[in-house]
Protein chains: 2
Amino acid sequence: MEEIASYRSHGGTQGVYRHASSATGTEMVFSAFVPDHEEGARLPVVWYLSGLTCTHANVTEKGEYRKACAELGLIFIAPDTSPRGEGVPGDPKGSYDFGLGAGFYVDATQAPYDKNYRMWSYVTEELPALVGAGFPADMARQSIMGHSMGGHGALTMGLRLPERYKGISALAPICAPSRVPFGIKALNGYLGAHPDDWRRHDAVSLIEDGAKASEILVDQGLADEFLEVQLRPELLQAACDAAGINLTLNLREGYGHSYYFISTFMADHLRWHAERLKA
Amino acid sequence: MEEIASYRSHGGTQGVYRHASSATGTEMVFSAFVPDHEEGARLPVVWYLSGLTCTHANVTEKGEYRKACAELGLIFIAPDTSPRGEGVPGDPKGSYDFGLGAGFYVDATQAPYDKNYRMWSYVTEELPALVGAGFPADMARQSIMGHSMGGHGALTMGLRLPERYKGISALAPICAPSRVPFGIKALNGYLGAHPDDWRRHDAVSLIEDGAKASEILVDQGLADEFLEVQLRPELLQAACDAAGINLTLNLREGYGHSYYFISTFMADHLRWHAERLKA
């Protein structure tokens, strides 16, 4: 693991790191913010999964998470959203919602994507091992959040690995990818035309199929252009209601889908995670 | 004045605006954040002047000012750093420290720059008139801050227009442009080889020549790559000491020159301005 940038910020260190990934067969870049801490301390970790088109850089530059993380003593990890580089196949049509920048946090089974697009394994296995070894991280205290496609990733990882993640939250998540255009395109492309296989990568389906969580926090802007067709929080609400999961769904008048929305509610989410990580 | 973007963020409205400028003879773009406020209220205005290479967008995306401005009830205006567009001459050598993105907040007297590079008039006259007319702004309560080249702009405007600006602060400012390479190149290029004319655009010279301020706030990172050659806060400290100006110079161990530094101390500066704007 190579440090490619390091900045002092908000009473901590914002680093950017590159490493060879066995999961994706490529080099991968991620960012990590580590608050100042006592020698030997191990801090809880919040994973932030980004949305379509993003790298680690978007939230690192625009997310406004460092002040809250420094105050709360949280390490903040921001992975990329797909493998990158020469030889990694993208969308043949060149669109932004599949391929590069659009890994959808699954392990692809379909050629040519199955060789590199293994973001589930990368985010849940390979990168946690690197973080646990390379940072002052208490890997017994992890939680996960994400935005849009990354909200989908946070919800599905949190629901499938409940012992791992002490908190699950999302900003404007794609709640039911197997039922909306972004998700149908991605799941069909990465996992093939086998809708039964998609259910493990769909938060609403996972809950319908019995996945448990005590609580989930979601913020959603009501001026979000993707709300009605792609995000569909009402399906998550219905599934949580039926399953007895305590969903806090904050609907925010006037807010859109961008980092102007994300940055507004970032500190609220981090405080929520901190309470659950320190309980 | 045309609104080209508007986002709800942190309990206010972040807008981006374009207008034809008579000062620069070009179209100009600036951003304005307006906190939610009572009908008919007029809010104080903080001007933020950006550094070399920046447009309005850098601080708008990375400056982390909206939460503090919303809490404090401050309008935040971020102009561009030079005229832009077809026909505006840049640096013949294509460098980043002169010409486009590097207006140095002067009215140029030297051809070919004198036609468009009139950022002093733009920031102190034309844009305030637009802001006063187009926003719920109390133009009797303005203050000014800036970063690097924009710190130079904030210091010189604040020192020359003390009745206008109730507070002057800067992050890593170019304190004495007539004595450092960035400034000598810019002032020579825009104002000609007449060092006496440069003194009105040099904060240290202005103070030496009798400009008054009750107090100035500066934050400076000690890991700033430009500190020793280009910024020289020790010259500002000496001039303020000699003139009886209360300079608070916060030296910040480990911090650099980027928005990771700026965003860390932004809220402190805004609180400092708010105290002076509401007194």
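Each of the trypsin sites (Lys or Arg not before Pro) that DSSP puts in a loop and that has at most 13 other Cβ atoms within 10 Å breaks chain B; the longest unbroken stretch is B:94-211.
Our summary gives the range A:87-137 a relative contact order of 24 percent, counting only alpha carbon pairs under 8 angstrom and 6 or more residues apart.
Calculate how many DSSP beta bridges within the range A:2-278 are antiparallel, expressed in % of all such bridges and rounded to the nearest 5. The antiparallel fraction comes to roughly 45 percent.
In this rough spin-label picture, where each label sits 7 Å from Cα along the Cβ direction, the B:Ala57-B:Glu27 distance is 1.4 nm. Going by neighbour counts of Cβ atoms within 10 Å, the residues A:His257, B:His201 line up, fewest first, as A:His257, B:His201. Taking all Cα-Cα distances within the range A:35-174, those exceeding 21 Å account for 42%. Other protein chain C-beta atoms within 10 Å of residue C-beta, averaged over B:119-132: 0. Each Lys or Arg adds one and each Asp or Glu subtracts one; over the other residues with Cβ under 13 Å from the Cβ of A:Lys62, this totals -1.
Shielding of peptide A:53-66 by partners, expressed as the average count of other chain Cβ atoms within 10 Å per residue Cβ, is 2.
Taking 0.692 mPa s as the viscosity and 37 °C as the temperature, the Stokes-Einstein diffusion coefficient of the protein assembly as shown based on its alpha-carbon Kirkwood radius rounds to 131 µm²/s. Taking a ≥ b ≥ c as the square roots of the eigenvalues of the alpha-carbon gyration tensor, the range A:145-237 is classed oblate because a/c is 1.5 or more while a/b is no larger than b/c. With the cut-off at 1.5 for a/c, could you classify the range A:188-240 from its C-alpha gyration tensor as rounded, prolate or oblate? Cα axes put the range A:188-240 in the oblate bin. With helices as the sole contributors, chain A gives -9000 deg cm²/dmol at 222 nm; each DSSP H run of n ≥ 4 counts as -39500 (n - 2.57), and the sum is divided by every residue. Within the shell defined by Cβ-Cβ distances under 14 Å, the residues around B:Arg200 carry a net charge of -4, with Lys and Arg each +1 and Asp and Glu each -1. Inter-chain Cβ neighbour count for A:247-255, averaged per residue, equals 1 (cutoff 10 Å, partner chain atoms only).
Can you classify the range A:11-82 as rounded, prolate or oblate using the Cα gyration tensor, where a ≥ b ≥ c are the square roots of its eigenvalues, rounded means a/c under 1.5, and otherwise it's prolate if a/b beats b/c and oblate if not? Oblate, because a/c is 1.5 or more while a/b does not exceed b/c.
Within chain A, the proportion of C-alpha pairs whose separation exceeds 23 Å stands at 49%. Close amide H pairs (under 5 Å, H built 1.01 Å from N) link B:Asp80 with B:Val29, B:His56, residues at least 5 positions away or on another chain. Please work out the Cα center distance from the range A:91-168 to the range B:232-279, rounded to the nearest Å. Cα centres, the range A:91-168 to the range B:232-279: 42 Å. Projection of the Cα convex hull of the range B:98-208, averaged over all directions and equal to a quarter of that hull's surface, yields 7.0 nm².
B:Ala5 label point (Cα plus 7 Å toward Cβ) to equivalent points in the other copies: 1.8 nm, shortest first.
Going by neighbour counts of Cβ atoms within 10 Å, the residues B:Leu191, B:Leu171 line up, fewest first, as B:Leu191, B:Leu171. Put a plus charge on the Cβ of each Lys and Arg, a minus charge on the Cβ of each Asp and Glu, and nothing anywhere else: the dipole of the protein assembly as shown about its Cα centre is then about 160 debye. When each full DSSP H helix of chain A is screened for a Cα extent of at least 24 Å along its own axis and an average Kyte-Doolittle hydropathy of at least -1.0, the helices passing are A:259-278.
Amide H contacts for A:Ile245 (H built 1.01 Å from N in the peptide plane; partners 5 or more residues away or on another chain; cut-off under 5 Å): none found. Entry note, the range B:2-278: relative contact order of 17 percent, from Cα contacts under 8 Å with a spacing of 6+ residues. Across the identical copies, the 7 Å label point of A:Thr248, projected outward along Cα→Cβ, sits 3.4 nm from its counterparts, in ascending order. Counting only residues at least eight positions apart within a chain, or on another chain, the lysines with an alpha carbon under 26 Å from that of B:Lys93 are B:Lys115, B:Lys185. If you take the Cα centroid of the range B:17-51 and the Cα centroid of the range B:185-228, the two points sit 25 Å apart. The B:Lys115 and B:Arg164 beta-carbon pair, evaluated with R₀ = 25 Å, returns a calculated FRET efficiency of approximately 0.40. Among A:Leu49, A:Leu231, a tally of other beta-carbon atoms within 10 Å of each Cβ gives an order, fewest to most, of A:Leu231, A:Leu49.
A short reminder: the numbers here are calculations on the coordinates, not readings from a lab. The structure displayed is predicted, hence computed values, not measured ones. Methodologically, a virtual Cβ is constructed for each residue, glycine included, from the backbone with ideal geometry; neighbour enumeration extends over all protein chains shown.
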